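**Student:** Before I ask anything, here is the structure I am working with.
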Amino acid sequence: MAGILVPVDGSENSMRALKTAVKHINPASGTKILLLNVQPDVPTAVQRYLSEDFIKTYYDEESKRTLADAITLLHEKRIPYLSYTRVGQAAEAIAAFATEMQCDQIVMGTRGVGTISRLLLGSVANKVLSLVDIPVTLVK
């Protein structure tokens, strides 16, 4: 088993999804939780005024802050995990990551921290469902 992907955006819903995944994992099986935080792109107009190192540090720090509670929970429960950061559109990044890592399943919240565009384009969870061919468990 490659692992169970749990996208984490810092919301209560993503933490509920993580807790659900933890409840259903058997640590003896060797299955890992793969935590993924997707950071939105820094707008191109802003990028030209910032160094690549500054932008990378920004993404790393924001992701570390966002994943902190999830990592603490997994340490407390002694669940093996790996954490990752990607940059881009959330649904597309989650789907690409799941394919790249050959994840067995995705467990994610139905609502997270997002923008008004979600109302116009559909939720990240709905987009992920349409982009992947692996089981997706949605947690409300």
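**Student:** For HIS24 and TYR49, compute 0.36 nm times the residue count separating them, minus their Cα-Cα distance, and round to one decimal in nm.
**Tutor:** 4.4 nm
**Student:** Run the quick spin-label model on ARG65 and GLU100: label points 7 Å from Cα toward the beta carbon, then report their separation in nm to one decimal.
**Tutor:** Between ARG65 and GLU100, the simple spin-label model gives 2.4 nm.
**Student:** Give me the orientation-averaged projected area of the Cα convex hull of the range 21-79, in nm², one decimal.
**Tutor:** The Cα convex hull of the range 21-79, projected and averaged over all directions, gives 5.0 nm².
**Student:** So for the range 25-116, Kirkwood radius off the Cα pairs, Stokes-Einstein at 37 °C and 0.692 mPa s: how many µm² s⁻¹?
**Tutor:** Reported coefficient: 220 µm²/s.
**Student:** Using the beta-carbon distance between LEU73 and LEU131 and R0 = 30 Å, what value does 1/(1 + (r/R0)^6) give for FRET efficiency, to the nearest 0.05?
**Tutor:** 0.65
Bear in mind that the values in this text are calculations on the coordinates, not laboratory data. This structure is a prediction, so every number in the text was calculated from the model and none was measured. No Cβ is skipped: glycine too gets one built from the backbone with ideal geometry, and neighbour counts run over all protein chains shown.
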